[in-house]
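The values are calculated or read from the model by the stated rules, or taken from the named source; none is laboratory data. Because the structure is predicted, anything quoted here is derived from the model rather than measured. Positions of Cβ are generated from backbone atoms using ideal geometry, with glycine treated the same way; all protein chains shown enter the neighbour counts. The accessibility values were calculated without ligands, DNA or RNA, using every heavy atom of the protein model including side chains. Shrake-Rupley method; radii C 1.70, N 1.55, O 1.52, S 1.80 Å.
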Amino acid sequence: MKLIQALLVLLAVCTAASAQTPSTSSEPAPSSPKGQAYPTKPIRLVVGFAPGGAADIISRIIADPLGRALGQSIIIDNKPGAGSSLAVEFVAKSAPDGYTILIASQSGMIVNPVINPKIGYNTERDFVPITKVTVSPLVVAVNPALPVHSVRDLIAEAKKAPGKLNVASSGNGSLPHLAAALFSARTGVEMVHVPYKSGGQSVQSVLAGDTQVTFATSPSVLPFVQAGRLRALAVTSRERTPLVQGLPGMEEAGLANYEVTIWYGLFAPAGTPAEIVRRLFEATALTLQNSNLKQALARDGTETAGSRSPGEFAGFVREDARLWTQVIRSSGAKFD
């Protein structure tokens, strides 16, 4: 009996000691300004274009898995206008609490501030980069009546008659325009830039023969390439890509010092706590590993391209800004 009582006392002491042992299982979760674990409510993802565009499609593809990774729903908020500048400015002026974030490309974060000095935000001052999300190349395409079948042929044709070839784009200062300007700068050719109000109109001009060359998104030109109404020469990424089968990258095409891709990334307002930025980064990194998400993005001509850290993405944006600032100033692109 005494033995049983002694065992019961020993058991009670061990249980009490165990209850008092501090937990070492994990670090505390990021906190909101009120001290609560982040996130505690839905997060608004602001898109600078109308529903149906590339930024909107990417946002809607990632919203559900990203929401699951964060434990809160992601609300897509489309704020189109001024080439995405309205949305960028809205987020720049939002509370830095992690509940309003932005998806944007180099157009909104780099190009627009350079070509429009009166714009209401400064990318480096007003934003904290979180991570790159996706990347996709453009396609160099020509009217089939043009006697060129490769990038080398295009360079030779343009040099044979400077100023004779017209290159169509989706607008002054658009990435297709700047891609063509960089191509001219890297190769020493002279082509006449003809801006249109949309990518669709620029492609139609090449189909009609009003212009002869375009740098355009793969979904906008590949159906016409497959129908024999346009000829695709290469993708603007350095290497081949599985997104556009059968086309060489620029290095293989003979232009190793040229690469242009459209990227989209996530940004938070300046002043957002570092632990919240890290939480958003880690949740996005997990989201981008989803195989179903990758397949959905590939159908729309883009692929995942997460950064290794928020700091790496910030460095990437600074380097890209230096490149495009030089191209914009050389091309003379102005705000329309």
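A few notes on this one:
- Given (1) open to solvent by less than 30 Å² (accessible area, probe 1.4 Å); (2) under 14 Å from M109 (Cα atoms), number of the condition A305 does not satisfy: (2)
- Enumeration of residues in segment 42-100 that are under 16 Å from the mean Cα position of the chain (by Cα) and either within 18 Å of G120 (Cα to Cα) or of a type in the set (K, R) (or both): V46, V47, G48, F49, R60, G83, S84, S85, A87, V88
- Segment 277-303 - residue that is among the charged types (D, E, K, R) and part of a helix (DSSP H, G or I) and, of those, nearest to P137 (Cα to Cα): R299
- Positions within segment 104-125 being surrounded by 18 or more Cβ atoms within 10 Å (Cβ to Cβ) and of a type outside the set (A, V, I, L, M, F, W, C), in sequence order: S105, Q106, S107, G108, N112, P113, Y121, T123
- Of the residues examined, S330 is not one that is among the polar types (S, T, N, Q) and either within 19 Å of the chain's Cα centre (by Cα) or surrounded by 15 or more Cβ atoms within 10 Å (Cβ to Cβ) (or both).
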